[in-house]
1. Starting from the Cα coordinates of the chain, work out the convex hull volume and express it per residue in Å³.
2. With a cut-off of 8 Å between alpha carbons and a minimum separation of six or more residues, what is the relative contact order of segment 4-117 in percent?
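Computed from the coordinates by the stated procedures, all read-outs in this text should not be read as laboratory data. Just so we're clear, the structure is a prediction, and the values are computed from it rather than from any experiment.
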Amino acid sequence: MLHPCLRCGACCAYFRVAFHWSEADASLGGVVPPELTETLDPHRLVMRGTQASKPRCVALQGTVGEAAHCGVYEQRPSVCREVQPSWEFGVISLQCDKARVAHGLPVLTPADWPEASGADAA
Ligand code: SF4
Ligand code: SF4
């Protein structure tokens, strides 16, 4: 089964992705590539592109709703790691639903996770 996020990417093109500056400071163990960030305030950075009027993270590769993935997946900020797709772990995710609806995509349902639900993978 292709993971639904790999046909989506909506949340990476909807929210302002803000996080503490230390996440992009290698001397403090940060892994986010600093060149992909910009300053939001004295304490926070954002992923470039995500505070635009039509947000799209600079690290997002592909086309939203068709084929998309994070170009810095292993180095993505903590806030990205916290977003869960609806129903992957048995509960809805308001962030996921909101982003998908904004991009004209249907919200995920338990049927999108046939391996978890035990249904046949068509
Ligand atoms: S978490 Fe939801 S909105 Fe984000 S890429 Fe996955 S399916 Fe799309
Ligand atoms: S860093 Fe990756 S996961 Fe986070 S918003 Fe950008 S493309 Fe999405």
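1. Values: hull volume 13.2 nm³, N = 122.
In the chain, the Cα convex hull volume per residue is 108 Å³.
2. 28
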